[in-house]
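For reference, the structure discussed in these notes is given below.
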Amino acid sequence: MKTMTCIAGLVLATLPLAATAQRKPAKAPSTAVDKKLYCWEENGIQVCGDTLPASAVDRARTEISARHGTRTGEVGRALTAEERVEADAAARAAAEAEMAEAERKRRDLAMVESYATEADLHRAYGERITLVDESLRTSELSIANLRQSLLSLLRQAAERELLGQPVGKVLAGGIQSQHADLLRQQAIMERQLADRASLGSDLDGALERYRSMKGG
């Protein structure tokens with residue numbers, strides 16, 4: 001393999017061929033594939049050649065037309081395994097963001113088609129707020145009842161222990177079940193509270209997008 005340390009030498013090497021071509025009669029354009037020259041860096045030194053050795057396959061390189069001496073392309077270095085994982089994760093995140101944006105646009109279009117006026121949109125959000133508030137009241141009542149029931153079972157267990165009597169599997173199971181139900185209902189109420197808190201900002205954003213799409 002012939003190697004050179006600069007592109008200028010490659011260009012000069014082609015000049016005699018160009019001069020000879022000027023003295024010969026014009027020929028039909030050649031359909032032959034233009035041979036490539038490659039330039040890459042090894043140990044801080046630029047190396048060029050008409051073939052690419054195995055040691056340079058993963059390196060960043062410049063591709064040059066051997067006929068014209070002009071740059072035809074750039075090839076970046078091969079990614080490491082960690083970089084490929086990061087690149088794949090970034091690509092997935094970008095695709096998910098694009099899908100989310102497309103879904104948002106579809107929802108906004110449906111919103112504009114569903115509500116003729118801003119008053120209709122306000123009314124729809126008002127209905128949602130009412131439903132969430134009702135669900136919150138139901139959850140509060142359910143949590144209060146579960147607490148009372150759990151406290152009653154705990155008192156029974158405490159009395160049995162004070163009397164030196166075994167708690168029993170039925171009572172112990174009831175306490176565990178009641179406690180699990182209480183935790184589950186509290187988690188539901190936390191989600192409901194988060195939904196209620198976000199409705200105000202959701203309405204502001206929906207109104208802004210509604211006006212933008214309506215052109216008003």
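The values are calculated or read from the model by the stated rules, or taken from the named source; none is laboratory data. Small disclaimer: the values here were computed from a predicted structure and weren't measured. Note that we place each Cβ from the backbone using ideal geometry, even for glycine, and neighbour counts take in every protein chain shown.
Things to note:
- Hey, Val85 outside any loop (DSSP other than H, G, I, E, B) and touching a Lys or Arg at 6+ places or on another chain (Cβ under 6 Å) or not: no
- Condition check for Glu83: among the acidic types (Asp, Glu), within 30 Å of Glu41 (Cβ to Cβ) and at pLDDT below 85: yes
- Residue match in the range 113-122 (condition: within 30 Å of Ser212 (Cβ to Cβ), among the aromatic types (Phe, Trp, Tyr) and not in a helix (DSSP H, G or I)): yes
- Answer residue from the range 63-95, given it is among the polar types (S, T, N, Q) and in contact with an Asp or Glu (Cβ under 6 Å, 6 or more places away or on another chain) and is surrounded by the most Cβ atoms within 10 Å (Cβ to Cβ) among those: Ser65
- Test: residue in the range 194-215 that is over 30 Å from Leu109 (Cβ atoms) and surrounded by 11 or more Cβ atoms within 10 Å (Cβ to Cβ): no
Table: residues versus (1) among the charged types (D, E, K, R); (2) not assigned by TED's automatic domain parsing to the domain that holds Ala194.
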| position | (1), (2) |
| --- | --- |
| Leu52 | no, yes |
| Ala87 | no, yes |
| Glu127 | yes, no |
| Ser149 | no, no |
| Arg160 | yes, no |
| Leu163 | no, no |
